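Q: Handing you a structure now.
What follows is calculated from the coordinates using simple rules that are stated; it is not laboratory data. This is a predicted model, so every value here is computed, not measured. Don't worry about glycine lacking a Cβ; one is built from the backbone with ideal geometry, like all the others, and counts go over all protein chains shown.
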Amino acid sequence: MSNLYIPHKARIKEIITETAANDVKTFRVVFEDESVWDSFQYRPGQFAELSVFGVGEAPISITSSPTQKGYLEFSIKKAGEVTTALHYSAPGELIGVRGPYGNHFPVEIMEGKHLVFIAGGIGLAPLRSLITYVLDDEHRGKFRDVTIIYGARSPGDLVFKWELEKWEKREDIRFYLTVDRGDETWTGREGFVPAVLMEVGPSPENTIAITCGPPIMIKFVLQNLEKLGFSPSQIVTTLEMRMKCGVGKCGRCNIGPRYVCKDGPVFTYEQLRQMPQEY
Amino acid sequence: MAVKILQKKDLPCLLGKWSQSARVLAPARQDEMTNLAPWEPGAELDLGRNTWKPLKELFFPRSERMFAYTGDRMNAELSPIDQDHEQTVVFGVRPCDARSLALLDRVFLDERFTDDLYKAKRERTVLVGLGCNKPLRSCFCTSVAGDPHGTEGLDVLFVDTGDEYAVYPLTGRGEALVGELPEGSGEVEARASALADLARDMMPRYPAEVLPDKLTHMFEHEIWDRIHEKCLGCAACAYLCPTCHCFDVTDEAKTTEGHRVRNWDSCMFPLFTLHTSGHNPRTSGKQRMRQRIMHKFNYFPVNSGAIACVGCGRCVEVCPVNTDIREVISEIGEVK
C-alpha cells in the first residue's frame, strides 16, 4: 500500500555552519534512492517535511534551487526538537524527506520584469532558491534587473556568506548588504533593511518585490514599498506557520480559509490583505 | 433500486448471514453508553439512539500509527503499518454520521493528497443506515442540509416501519447485502415516507444556511467577544464531533525502533498553533472559538462546498458549560 506520510530516506552529505552563534546550519542532503527525483520535482518557494526518526518531523523551506541537480539544501535555525536534533547530526546520517509541498514563487509572472529581493536574517533561506534560479545561466536572460537587499542584526548573523561574496562580484545584480550594528571588523553598511530599501529606492515600474524576514522587518518593508509606489499585487512574500501534515489535513496552519501548506506558503501582499490578520 | 422488506424478527438472521463473510458492527449498550460493538449471534442491539462516539473513529482512530521504523542514525527501515483488510459491515449508522464521512472524504480523499490510511478503511467498510424516526432533543440535521432519513454516504438505508423494516439498497455494495430480500409494497414505502415527514417536523430549524456568506464579513464582529466567554477549552466538542479532523503528529520511539503516530487534536487548545519561536496566532479563547465556528460554517464551505456540521447534537450534549451550537447559529443568523 502506498502511504502519503512515509518519507523518502535521504543522507546528509555536508553541513555548513552559517552563523557565528552556530544557531543556523545549512544541510546538503541526497536521496538514498535516486529514482525519488522522478517524483520530487520542486520549484522555488516550496517546502519539505524533514524527519529525524524517533524525534519527529518539521516543515522546512527548500533553500536550494531546482537548477542545482542531485541534492537538496535546507538552512535550519536551531529552535525546536527536530531542528535541534538536526543540529546535533553529522554528515553521513540518515533523515527523512517528504514533499515537495506548497505553492511556489510565481516565476512565470516574474519573467520580463525587474526583481527586488528584500531579506532579513534567515529569511534569505526561502528567497535563495528563487535567487539562485534567476541567476542561473539558463534563466538569467528571462529576467530584467535584479536587486538584492539583505541584512541581519550583526555580521555574525548573516547567512550564506560564501554565496554573498559571489553575488557581490556579479555585475548583473545590484547587491546591498547591511547589518543593524557592525563590529570592529565590519567595514560595510550599517542600517535597518527597510531604511536601506528607501535609500536604494527601486522604481515600481514593471517590478516585483519579494520579501521575507522577521515580522517587524516585513511590516516596515511593506510600508516602505507602498511609499515607493508598489501596489500590493507587486509584492510577494512567504509565510511560516505551525504545521504538521503538510498536505492540508491536520488543520492547524490555516489563515482564514487558506491553508499555508497547500495554498501557500507564497502569497502576494494583495492576497494577504484579503485574509484575516491571524498569523 | 426498489424498496425491500425485512420482518424485524428476521434481522438477527440477516446480520448472521453478513457475519459469515465480514465483521459486523452494530450499536450495543455498554457501560451505560450506546456504541458500536462487534455483533455476534444472540447479541442485543440498542437502536434507540445514535452512538455516543462518532463514526469517524472507525476510519480515523483517536490514535493511529502512520508507519514504523527500525534502525539508528545511520540506517533505518521504514515500513507501512499492516492494515486490517477484514471486510466490515456497520449496521445502524444514522444518516448524520453517514454524511459526516461524505464530508471527511473531501479532506482525506482529495485527489492531490490521498490519505491512504483513511482510504483503506473506507474501502473495506459497508455502511448500513437506520433512518431516525424520533430525533433527540439535541438533533438538528435538517438545519445543516441533512435529513433524518438521508442517504448520503450510505450503502443501504433501513427504516423502522413498525413490525418490519423498509430496506433501500443504495449502492452495488448495498445491493449485495440485501438483494435477496423480498420486494416491499408501495404501502410500506408510503409509511416510511410519512415517518420521515414526521421526524422532519419534530426538529426545530436554525438558520445555518445563511452562515457561510454572512460569516465572510464577520471576522472582526463583536459577537466573538461574547460567544467564547464560558468555554473552558476542553475540546470535548471536537473529540465527539463527527466532522472534526485535526490531528497532531508525533514520534513514539525506543532506542532503535518506533512509530510515527497521529492523535486527535483540537483548535480549542492554546498550544495547537504555538510556533517554536513562541509566537502564537491564536492566543485567546475568543480567537479559538471563532476559528472553530468559522471553520465549520465558512472556511469548510469555501473550500469544500458544504457546512462541516451534520447536526448530530453530540457537542450540545457533551459540553460541560452548555454551549449550544444551535444558539450560536441563531445568534449569528440574527446579526444584521
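Q: If amide H atoms are built 1.01 Å from N in the plane of the peptide, which residues on other chains or at least 5 residues away come under 5 Å of the amide H of A:Thr19?
A: Excluding prolines and chain starts, which carry no amide H, the hits are A:Val24.
Q: Follow-up. Quote the FRET efficiency, to the nearest 0.05, computed for B:Glu317 versus A:Ile216 with a Förster distance R0 of 41 Å and r equal to the Cβ-Cβ distance.
A: Computed FRET efficiency for B:Glu317 and A:Ile216 comes out at 0.35.
Q: Mind checking the dipole of the protein assembly as shown: about its Cα centre, +1 per Lys or Arg Cβ, -1 per Asp or Glu Cβ, Debye to the nearest 20?
A: Details: 73 positive and 84 negative charges, 175 e Å.
Using Cβ point charges on Lys, Arg, Asp and Glu, the protein assembly as shown gives about 840 debye.
Q: Can you grab the distance from the C-alpha centre of the range B:111-152 to the C-alpha centre of the range B:203-221, Å, no decimals?
A: If we compute the Cα centre of each part, the gap is 23 Å.
Q: What number comes out for the charge environment of B:Ser185, summing +1 per Lys or Arg and -1 per Asp or Glu over other residues with Cβ under 15 Å away? Could the numbers behind the result be given before it?
A: Working: positive: B:Lys4, B:Arg191; negative: B:Asp163, B:Glu164, B:Glu183, B:Glu187, B:Glu189.
Neighbourhood net charge equals -3.
Q: Name the shape class, rounded, prolate or oblate, that the alpha-carbon gyration tensor gives for the range A:123-243, where a ≥ b ≥ c are the square roots of its eigenvalues, rounded holds for a/c under 1.5, and otherwise prolate holds if a/b is larger than b/c and oblate otherwise. Present the calculation step by step, with values, prior to reporting the outcome.
A: Values: a/c = 1.35, a/b = 1.10, b/c = 1.23.
Verdict is rounded for the range A:123-243.
Q: Hey, in the GNM for chain A with a 10 angstrom Cα cutoff, which one of A:Phe267, A:Phe40, A:Phe27 fluctuates hardest?
A: Of A:Phe267, A:Phe40, A:Phe27, the most mobile in the Gaussian network model is A:Phe40.
Q: Alpha carbon centre of the range A:239-254 versus the range B:244-272: separation in Å?
A: 13
Q: Using unit Cβ charges (K, R positive; D, E negative) and no other charged atoms, how large, in debye to the nearest 20, is the dipole of the range B:71-222 about its Cα centre? Kindly include the intermediate steps, with their values, before the conclusion.
A: Details: 16 positive and 29 negative charges, 83 e Å.
About 400 debye.
Q: Now, a different point. Taking only the C-alpha atoms, wrap a convex hull around the protein assembly as shown and report its volume per residue in Å³ as a whole number.
A: Per residue, the Cα convex hull of the protein assembly as shown comes to 176 Å³.
Q: Can I ask one more? Would you work out the charge dipole size for chain B about its Cα centre, treating the Cβ of every Lys and Arg as +1 and the Cβ of every Asp and Glu as -1, and quote it to the nearest 20 debye? Don't skip to the answer; put the middle values down first.
A: Numbers: 41 positive and 49 negative charges, 153 e Å.
It works out to roughly 740 debye.
Q: Using the beta-carbon distance between B:Lys17 and B:Asp213 and R0 = 41 Å, what value does 1/(1 + (r/R0)^6) give for FRET efficiency, to the nearest 0.05?
A: Values: r = 49 Å, r/R0 = 1.18.
Between B:Lys17 and B:Asp213 the formula returns 0.25.
Q: What does the structure give for A:46-52 when I average, per residue, the other chain Cβ atoms found within 10 Å of the residue Cβ? Walk me through the numbers on the way to the answer.
A: Details: counts 0, 0, 0, 1, 0, 5, 2.
Per residue, the average neighbour count from other chains is 1.
Q: Divide by every residue of chain A the summed helix terms, -39500 (n - 2.57) for each DSSP H run of at least 4, and state the resulting mean residue ellipticity at 222 nm, rounded to the nearest 500 deg cm²/dmol. Could the numbers behind the result be given before it?
A: Values: 7 runs with 59 residues, N = 279.
My calculation for chain A gives -6000 deg cm²/dmol from helical runs alone.
Q: Related question: Quantify how strongly other chains surround peptide A:5-12 by giving the mean number of their Cβ atoms within 10 Å of each of its Cβ atoms. Intermediate values should be presented prior to the final figure.
A: On the way: counts 10, 10, 4, 1, 6, 0, 2, 1.
For peptide A:5-12, the averaged partner shielding equals 4.
Q: Based only on the alpha carbon positions, what is the Kirkwood hydrodynamic radius of chain B, in angstrom? Can you show the working numbers first?
A: On the way: mean 1/r = 0.0461 Å⁻¹.
The answer is 21.7 Å.
Q: Another one. Would you please classify the overall shape of the range A:1-113 from the alpha carbon gyration tensor, given that a ≥ b ≥ c denote the square roots of the eigenvalues, rounded means a/c under 1.5, and beyond that prolate means a/b larger than b/c while oblate covers the rest? All intermediate terms of the calculation are to be shown ahead of the outcome.
A: Numbers: a/c = 1.72, a/b = 1.21, b/c = 1.42.
Oblate, because a/c is 1.5 or more while a/b does not exceed b/c.
Q: Just add up the charged neighbours of B:Leu274: K/R +1, D/E -1, any other residue whose Cβ is under 11 Å from the Cβ of B:Leu274. Write out the running numbers ahead of the final one.
A: Values: positive: A:Arg242, A:Arg252, B:Arg282; negative: none.
Net charge in that neighbourhood comes out at +3.
Q: For chain A, which semi-axes, largest first and in whole Å, follow from the square roots of 5 times the eigenvalues of its Cα gyration tensor?
A: Numbers: eigenvalues 168, 97, 69 Å².
Over the Cα atoms of chain A, the ellipsoid semi-axes are 29, 22, 19 Å.
Q: Please list 3J(HN,Hα) in residue order for the range A:64-81, calculated via the Karplus relation 6.51 cos²θ - 1.76 cosθ + 1.60 where θ = phi - 60°; whole Hz, with x for glycine and proline.
A: Along the range A:64-81, the couplings run 7, 10, x, 6, 8, 8, x, 8, 10, 10, 10, 9, 10, 8, 6, 9, x, 5 Hz.
Q: Within chain B, what percent of beta bridges assigned by DSSP are antiparallel, to the nearest 5?
A: Numbers: 35 of 46 bridges.
Expressed as a percentage, antiparallel bridges in chain B total about 75.
Q: What shape does the range B:190-300 have by the C-alpha gyration tensor, where a ≥ b ≥ c are the square roots of the eigenvalues, rounded means a/c under 1.5, and otherwise prolate means a/b greater than b/c and oblate the rest?
A: Values: a/c = 2.99, a/b = 1.45, b/c = 2.06.
It is oblate, given that a/c is not under 1.5 and a/b is not larger than b/c.
Q: Here's something else I'd like to know. If you average the sequence gap of Cα pairs under 8 Å that are 6 or more apart and divide by the length of chain B, what percent do you get for the contact order? If you can, show how the numbers build up before the last one.
A: On the way: 592 pairs, mean separation 69.7, N = 336.
Relative contact order comes out at 21 percent.
Q: Moving to a separate point now. Give, in whole angstrom and from largest to smallest, the semi-axes √(5λ) of the equivalent ellipsoid of the range B:1-125, with λ running over the eigenvalues of the Cα gyration tensor. Please report the intermediate quantities before stating the final value.
A: On the way: eigenvalues 217, 60, 46 Å².
Equivalent ellipsoid semi-axes, largest first: 33, 17, 15 Å.
Q: Can you compute the modelled spin-label distance between A:Val30 and B:Thr283, with each label point 7 Å from Cα toward Cβ, in nm?
A: Going from the A:Val30 label point to the B:Thr283 one covers 4.7 nm.
Q: Please list, in chain and number order, the residues 5+ apart from A:Arg252 or on another chain whose amide H is under 5 Å from its amide H, with Hs placed from the backbone.
A: A:Lys244
Q: Also: Hey, can you rank B:223-230, B:192-199, B:144-151 by average C-beta count inside 10 Å, highest first?
A: Working: B:223-230: 14.9, B:192-199: 16.5, B:144-151: 21.4.
Put in order of decreasing packing, that is B:144-151, B:192-199, B:223-230.
Q: Still on this structure: Going by Cα centres, the range A:110-137 and the range A:153-222 are how many Å apart?
A: 12
Q: What aspartates and glutamates sit close enough to A:Lys227 to cross-link, taking a C-alpha to C-alpha distance under 17 Å and skipping anything fewer than 8 places away on the same chain?
A: Here the aspartates and glutamates satisfying the reach criterion relative to A:Lys227 are A:Glu199, A:Glu205, A:Glu270.
Q: Restricting attention to chain A, give the cysteines that have no other cysteine Cβ less than 4.7 angstrom from their Cβ.
A: Taking the Cβ cut-off of 4.7 Å, the unpaired cysteines of chain A are A:Cys212, A:Cys253, A:Cys261.
Q: To continue, here is another question. Which one, A:Ile122, A:Asn254, A:Gly141, is farthest towards the positive end of the dipole of chain A when Lys and Arg carry +1 and Asp and Glu -1 on their Cβ?
A: Sorting the options by dipole projection puts first A:Asn254.
Q: From the residues A:Ser75, B:Ile227, A:Cys212, which one has its Cα farthest along the dipole of the protein assembly as shown in the positive direction, the dipole being from +1 and -1 charges on Cβ of Lys/Arg and Asp/Glu about the Cα centre?
A: Comparing the listed Cα positions along the dipole, B:Ile227 ranks first.
Q: I would also like to ask the following. Residue by residue, what Karplus-based ³J(HN,Hα) values in Hz, rounded to whole numbers, does the range B:175-183 have, using 6.51, -1.76 and 1.60 with θ = phi - 60° and x for Gly and Pro?
A: For the range B:175-183, the Karplus curve yields 4, 5, 7, 10, x, 8, 5, x, 6 Hz.
Q: Under a GNM of chain B (C-alpha, springs under 10 Å), which listed residue has the highest mean-square fluctuation: B:Gly129, B:Gly258, B:Gly184?
A: Taking springs between Cα atoms under 10 Å, the residue moving most is B:Gly258.
Q: Subtract the Cα-Cα distance of A:Ser154 and A:Lys227 from 0.36 nm times their separation in residues, and report this length gain in nm to one decimal.
A: Values: separation 73, 0.36 × 73 = 26.28 nm, distance 2.69 nm.
Answer, rounded to one decimal: 23.6 nm.
Q: Related question: Filter the cross-link list B:Lys119/B:Lys286; A:Lys142/A:Lys244; A:Lys69/A:Lys142; A:Lys78/A:Lys244; A:Lys69/B:Lys121; B:Lys9/B:Lys134 down to pairs whose alpha-carbon distance in this structure exceeds 29 Å.
A: Numbers: B:Lys119/B:Lys286 35 Å; A:Lys142/A:Lys244 36 Å; A:Lys69/A:Lys142 20 Å; A:Lys78/A:Lys244 18 Å; A:Lys69/B:Lys121 39 Å; B:Lys9/B:Lys134 21 Å.
Beyond 29 Å between Cα atoms: B:Lys119/B:Lys286; A:Lys142/A:Lys244; A:Lys69/B:Lys121.
Q: R0 = 51 Å: FRET efficiency of B:Leu47 with A:Ala21, Cβ-based, nearest 0.05?
A: Details: r = 66 Å, r/R0 = 1.28.
With R0 = 51 Å, the Cβ-Cβ based efficiency is 0.20.
Q: Taking amide hydrogens as modeled 1.01 Å from N in the peptide plane, which residues meet the under 5 Å criterion relative to A:Tyr176, leaving out close sequence neighbours?
A: A:Ile148, A:Ile149, A:Tyr150
Q: Peptide A:241-248: average number of partner chain Cβ atoms within 10 Å per residue? If you can, show how the numbers build up before the last one.
A: Details: counts 4, 11, 3, 8, 8, 2, 5, 7.
Other-chain Cβ atoms within 10 Å of each residue's Cβ, averaged: 6.
Q: From the residues A:Val55, A:Phe40, A:Val24, which one has its Cα farthest along the dipole of the range A:17-65 in the positive direction, the dipole being from +1 and -1 charges on Cβ of Lys/Arg and Asp/Glu about the Cα centre?
A: Value: A:Val24.
Q: So, one more: Between A:Asn206 and A:Trp162, what length comes free when the chain is fully extended (0.36 nm per residue of separation minus the Cα-Cα distance, one decimal in nm)? Before the final figure, lay out the partial values.
A: Working: separation 44, 0.36 × 44 = 15.84 nm, distance 3.09 nm.
Stretched out fully, the A:Asn206 to A:Trp162 stretch lengthens by 12.8 nm.
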